[in-house]
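Read the figures in this text as sums done on the coordinates, not as results from a lab. Computed from a predicted structure; not experimentally measured. Counting neighbours? That spans all protein chains shown, and the Cβs are built from the backbone with ideal geometry, glycine included.
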Amino acid sequence: MNLPGKANECRPITIFRLPVFIREKNKDMHEPKLVSIGPYYHNTKKLRTMEEHKWWCLRDFMETHCINLPDCIQKIGALEEVVRQCYSETLSLGRDEFVQMLILDGCFILEFIRKHYGTVPDSFFDIERNEETILLDILLVENQIPFFILHELFNLATGSGCSCNGISCKLRDLIFGLLPPQIFWKQPEIPCRKIHHVLHFYYLCMVPHPGSMRQAGKSPSLKNTKYDGKVTLRGIEQDKNMKARHYSAKRDKPLAIPSVTELHEAGVRFKRKRNPRYLFDITFEDGVMEIPELYIDDLHCVLLANLLAFEQTSYGPREIVSHFVSFLDNLIDTKLDVSRLEYHHILINMIGSEAEAANYINQLGKWNLVEHSDEYKSFIIKVQRYATSLWPRYRSTLMRDYFINPWTTISVIAAIILLGLTFCQTYYTIYSSTSSNN
């Protein structure tokens with residue numbers, strides 16, 4: 001029996017196959033619906049319709065940019081072994097088929113980007129919802145090719161020959177603009193060679209940047225830890241042991257934020273954060289929890305699910321998206337929780353009913369592995385202490401039951417005045433009676 005690889009070999013794995021238990025529970029979030037990118041779903045029967053269109057895109061790409069196909073094959077073929085090392089499993093595709101797949105898929109993505117911005121008609125992209133579905137497929141964690149392949153093809157098309165060791169890159173600008181603008185999105189200040197693939201690029205755009213964290217206790221810990229993409233057997237074994245320590249009911253059960261309904265009853269007020277620095281910029285001060293606006297639609301649901309999956313499978317830091325999903329999962333249990341967040345314009349639900357939105361959040365958090373940092377624990381404890389305090393709860397009950405509208409407010413004030421007058425009358429009656437007896 002021949003063992004693959006060499007002893008103590010570190011492979012620069014950046015594109016992982018998802019564990020079955022994650023994919024099977026959320027197939028709609030992790031499996032492509034229209035187009036395969038990369039080897040994991042290559043030649044899948046239900047996706048073959050798009051394969052013919054990829055050849056049309058390749059032709060348009062080559063003709064538009066006057067690229068010589070043999071030169072392209074030679075350029076990408078020289079990177080074949082490096083690309084194979086990026087995938088977490090041994091690929092059975094032969095050299096010619098593998099290089100052909102990389103060129104077809106890479107040119108398809110670049111042509112999709114070009115036609116997204118331009119006015120060039122495309123009979124397939126222009127079909128209703130096809131463009132949106134393709135964009136969703138490009139976001140999937142298993143549906144990726146290395147970013148440097150896109151970069152090589154883009155350089156061939158533009159003739160720039162730029163290695164992009166800096167932080168400015170036209171290709172990144174184009175990819176950045178594919179998704180709806182968000183005020184907290186920011187391109188990472190790293191060279192292109194450190195970007196693994198398209199999904200990783202979006203991950204870097206959404207996670208906090210160094211120095212942007214607040215002090216412990218004011219927001220969840222969302223550290224931007226460096227990760228070199230290398231995996232060793234020893235590292236995987238340590239990671240498995242770490243995962244085993246995550247699920248401790250006795251230890252971790254208290255580390256949960258109460259639901260929106262429970263917090264509301266405890267006197268916590270919710271506000272939409274006006275100028276968030278990033279998606280996870282959540283603060284809690286003086287009984288007020290401020291949360292950035294969150295869209296629940298097809299695009300953001302798929303993106304969040306795959307950002308989480310990328311973070312969970314990359315053997316990198318698990319303190320960013322994982323913490324945010326854990327926070328949402330604790331905060332939202334029922335449709336009433338969703339309804340309250342909608343009322344405060346924190347949650348923009350565009351996928352259906354409140355129950356469907358709650359189910360999505362709960363499913364997303366079901367297999368989330370979280371190792372709580374000290375800062376995140378401090379945040380949870382701070383919220384829990386406020387929620388279990390008596391005065392905020394009594395004040396909330398008083399406001400909810402007796403000051404809900406002007407009429408009940410007037411009734412309560414009148415009752416207090418009447419009670420005060422009755423007390424004064426009783427006091428003076430007793431005082432007068434005592435004085436006359438003396």
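Quick one: what does P(r) look like for region 20-176 with 5 Å bins over all Cα pairs, in whole %?
1, 8, 18, 22, 21, 17, 9, 3, 1, 0
What's the exposure ranking of Met289, Met62, going from fewest to most Cβ atoms within 10 Å? Can you show the working numbers first?
Working: Met289 21, Met62 18.
Lowest to highest Cβ neighbour count: Met62, Met289.
If R0 is 45 Å, what FRET efficiency do you get for Arg385 and Ile351 from their C-beta distance, rounded to 0.05? Working shown, then result.
Working: r = 34 Å, r/R0 = 0.76.
Efficiency, rounded to the nearest 0.05: 0.85.
Determine the dipole magnitude for region 20-176: charges of +1 sit on the beta-carbon of Lys and Arg, -1 on that of Asp and Glu, nothing else is charged, the reference point is the Cα centre, and the result goes in debye to the nearest 20.
Computed charge dipole of region 20-176: roughly 200 debye.
Amide H neighbours of Leu34 under 5 Å, at least 5 residues apart or on other chains, H built in the peptide plane: list them.
none
Do the alpha carbons of any pairs in Lys27/Lys115; Lys27/Lys194; Lys335/Lys366 sit beyond 26 Å of each other, and which pairs? Mind dumping the intermediate values first?
Working: Lys27/Lys115 28 Å; Lys27/Lys194 29 Å; Lys335/Lys366 17 Å.
Result: Lys27/Lys115; Lys27/Lys194 exceed 26 Å.
Need one number: nm distance between label points at Trp367 and Glu51, each 7 Å from Cα along Cα→Cβ, rounded to one decimal.
Inter-label distance under the simple model: 2.7 nm.
In whole Hz and in residue order, list the ³J(HN,Hα) couplings for region 81-86 that follow from phi through the Karplus curve 6.51 cos²θ - 1.76 cosθ + 1.60, θ = phi - 60°; x for Gly and Pro.
With coefficients 6.51, -1.76 and 1.60, one gets 5, 5, 5, 4, 5, 6 Hz.
Using per-residue counts of other Cβ atoms within 10 Å, averaged over each peptide, order 18-31, 371-384 from highest down.
The packing order, highest mean first, is 371-384, 18-31.
Using the number of other C-beta atoms within 10 angstrom as an exposure proxy, rank Leu331, Leu303, Leu294 with the fewest first.
Going from least to most buried by this count: Leu294, Leu303, Leu331.
How would you rank Val141, Val35, Val302, Val288, going from fewest to most other Cβ atoms within 10 Å of each one's own Cβ?
Values: Val141 28, Val35 25, Val302 19, Val288 12.
Exposure proxy ranking, most exposed first: Val288, Val302, Val35, Val141.
Among Ile76, Ile145, Ile113, whose Cα projects farthest towards the positive end of the dipole of region 20-176, with charges put on the beta-carbon of Lys, Arg (+1) and Asp, Glu (-1)?
Ile145
Under a plain spin-label model, where a point goes 7 Å from the Cα along Cα-to-Cβ, how far apart in nm are Arg23 and Ile417?
Inter-label distance under the simple model: 7.2 nm.
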